[in-house]
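Where a number appears in this text, it was derived from the coordinates with a stated rule and is not lab data. What you see is a predicted model, and the numbers here were worked out from it, not measured in a lab. Backbone-built Cβ (ideal geometry, glycine too); neighbour counts: all protein chains shown.
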Amino acid sequence: MKVYTYSQARQNLSELLKIAKKEEVIIRQRDGAVFSVVPKQISKSPFDIEGVKTKATTKNILDAIRESRNS
């Protein structure tokens with residue numbers, strides 16, 4: 001865990017963010033306030049699913065679509 005003063009953090013924000021990807025970074029203000037910088041975990045979309053393996057070819061899929069449109 002790295003600890004920066006507010007001034008150091010402001011001057012080296014880019015470096016601080018790179019370090020925060022790997023470990024927690026603490027920023028300490030003159031008045032004693034302490035802040036923690038950690039990467040936010042981004043949740044995945046519910047539509048982000050793994051593909052399905054199948055033996056269907058592109059021709060099979062297009063034929064099925066054409067047949068369903070003609071019915």
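Structure above, values below:
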read-out: For the range 47-57, Karplus couplings with θ = phi - 60° (6.51, -1.76, 1.60), whole Hz, Gly/Pro x; value: 8, 7, 10, 6, x, 9, 7, 8, 8, 5, 9
read-out: Among beta bridges that DSSP assigns inside the chain, antiparallel share in %, nearest 5; value: 50
read-out: Computed E for Lys53/Lys21 - FRET, C-beta separation, R0 35 angstrom, nearest 0.05; value: 0.55
read-out: Spin-label zone in the range 8-31 - amide nitrogen under 15 Å from a point set 7 Å from the Cα of Met1 along the C-beta vector; value: 20, 22-29
read-out: Count of Lys pairs (Cα-Cα under 26 Å; at least 8 positions apart or interchain) in the chain; value: 11
read-out: Zero-based 5 Å bins, Cα pair distances in the chain, whole percents; value: 3, 13, 14, 11, 7, 6, 5, 5, 5, 6, 6, 7, 6, 3, 1
read-out: Whole-Hz ³J(HN,Hα) from phi, Karplus 6.51 cos²θ - 1.76 cosθ + 1.60, for the range 30-39, glycine and proline x; value: 4, 7, x, 5, 10, 10, 10, 10, 9, x
read-out: Cβ-defined net charge surrounding Tyr4, 11 Å radius [Lys, Arg +1; Asp, Glu -1]; value: +2
